[in-house]
Amino acid sequence: MKRADTKPQAIVLPPEVRPGQSVELLQELHILTRDGKLNQDSRRKLKQVYHLYQFIEPLLKEVQQDHPGVSLVDHGAGKSYLGFILYDLFFKGLDDGSHIYGIETREELVQKSTELARKLGFPGMSFLNLSVAESTRSNQLPERIDIVTALHACNTATDDAIDFALKKHAKFMVLVPCCQAEVASVLRKNKGKDLGKSALTEIWRHPLHTREFGSQVTNVLRCLQLEAHGYQVNVTELVGWEHSMKNELIIASYKNLPRKRPTERLQEVLATLGLEEMGERFYSEKLAEAETMSAAE
Ligand SMILES: C[S@@+](CC[C@H](N)C(=O)[O-])C[C@H]1O[C@@H](n2cnc3c(N)ncnc32)[C@H](O)[C@@H]1O
């Protein structure tokens with residue numbers, strides 16, 4: 001009788017796994033099963049992160065051209081899929097002090113990610129149990145950060161991530177906003193006062209429209225705020241995210257661009273929509289300062 005072959009079978013990896021990528025990491029993130037298979041959900045997650053990587057890799061390289069030791073902060077990191085895959089694909093081979101920080105309010109996720117980074121031997125990764133707003137003032141982070149990412153960070157966490165990036169003089173921001181309810185709630189509150197002022201108030205009269213328009217306006221205000229701080233902004237669609245409604249990708253690159261016009265536009269949009277009270281959230285430099293900076297540019 002023929003004996004059964006007891007030799008362990010080599011795992012045949014799916015083509016989505018790139019050469020040199022850590023199989024252990026992908027298994028720990030439950031993207032790959034123990035026998036090296038991808039299920040439908042994890043194939044989608046991997047596709048999403050690769051798609052984002054396409055945008056982030058050139059930014060990492062641009063920072064490297066400026067100085068060694070890239071610092072990246074990922075806000076609302078969750079299970080840190082993005083951070084871990086970025087580290088595995090780009091940071092792993094670097095020996096120049098490059099570092100990824102994951103900011104997350106859920107302590108159990110911070111603990112899990114810390115443990116996983118230790119297990120995988122990824123010393124250039126840290127996870128901090130802080131809110132985005134707290135991290136802006138935390139001395140556990142360096143004064144300057146090169147790249148800030150925030151992927152579906154809930155509600156106003158994206159705005160806090162923008163504030164963090166502005167204070168840290170980040171060269172790049174890569175933001176995929178989640179729904180933000182704050183602007184819609186102010187539109188809703190002021191509806192009685194503002195409706196009738198102009199036919200354009202019809203755009204947010206119905207409750208569903210208030211929510212959707214609020215969400216749209218939030219991203220418009222974010223873009224203007226970034227431009228008002230000298231950033232060049234690109235807004236695109238995060239394809240590969242076809243199962244998510246929240247697929248707007250905002251990439252901001254600091255270019256020290258003239259600030260006067262976007263600052264004026266930002267104020268004008270806030271005033272036109274009765275959103276003046278959101279001026280602190282979507283702050284810009286004082287118009288006089290923006291004018292001085294534009295004149296000096
Ligand atoms: C929808 S998940 C996204 C996780 C991850 N970025 C991803 O795309 O897979 C949002 C995460 O942000 C965290 N979060 C929400 N508000 C936060 C805040 N203000 N500061 C830090 N983390 C926050 C939540 O605990 C959650 O883990």
Going by what's in this entry, would residue 265 be described as in contact with a strand residue (DSSP E or B) (Cβ under 8 Å, 6 or more places away or on another chain), part of a helix (DSSP H, G or I) and at pLDDT 95 or above? no
Looking at residue 122 and the list (1) more than 15 Å from the ligand (Cβ to nearest atom); (2) hydrophobic (A, V, I, L, M, F, W, C); (3) under 28 Å from residue 247 (Cα atoms), which single condition is not satisfied? (3)
May I ask you to list pairs of residues, at least six apart or on different chains, whose Cβ atoms are under 9 Å apart, with the first in region 45-62 being closer than 14 Å to residue 91 by Cβ and the second being within 13 Å of the ligand (Cβ to nearest atom) and basic (Lys, Arg)? none
For residues that are away from the ligand (no atom under 16 Å from the Cβ) and of a type in the set (A, V, I, L, M), scanning just region 169-186, find the one that is nearest to residue 213 (Cα to Cα). 184
Taking residue 161 and the conditions (1) free of Cβ contacts under 8 Å to residues at least 40 places away in the same chain; (2) within 15 Å of the ligand (Cβ to nearest atom), which numbered condition does it fall short on, given that it satisfies the others? (1)
For a quick check of your reading of the model, give me the residue pairs whose first member lies in region 90-111 and is more than 10 Å from the ligand (Cβ to nearest atom), whose second is among the basic types (Lys, Arg), with beta-carbon atoms closer than 9 Å and at least 6 apart or on different chains. 90/61
Let me spell it out: the conditions are (1) at pLDDT below 95; (2) among the hydrophobic types (A, V, I, L, M, F, W, C); (3) part of a helix (DSSP H, G or I), and residue 226 meets all of them except one. Which number is the exception? (1)
Give region 131-158 a look and list any residue that's part of a loop (DSSP other than H, G, I, E, B), in contact with a Leu (Cβ under 9 Å, 6 or more places away or on another chain) and within 8 Å of the ligand (Cβ to nearest atom), or say none. 153
Would you check which residues across region 135-174 are at pLDDT 95 or above, among the polar types (S, T, N, Q) and buried (at least 18 other Cβ atoms within 10 Å of the Cβ) and list them? 135, 136, 149, 158
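Yes/no matrix, rows are residues, columns are (1) modelled with pLDDT of 95 or more; (2) in a loop (DSSP other than H, G, I, E, B):
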position	(1), (2)
5	no, yes
13	no, yes
17	no, yes
24	no, no
42	no, no
48	no, no
63	yes, no
73	yes, no
88	yes, no
Please determine whether any residue of region 180-194 is in a loop (DSSP other than H, G, I, E, B), over 13 Å from the mean Cα position of the chain (by Cα) and closer than 30 Å to residue 100 by Cα. yes
Counted residues in region 56-80 being surrounded by fewer than 20 Cβ atoms within 10 Å (Cβ to Cβ) and within 16 Å of the ligand (Cβ to nearest atom) come to 2
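The values are calculated or read from the model by the stated rules, or taken from the named source; none is laboratory data. These figures come from a predicted structure and were not determined experimentally. We place every Cβ from the backbone using ideal geometry, glycine too, and count neighbours over all the protein chains shown.
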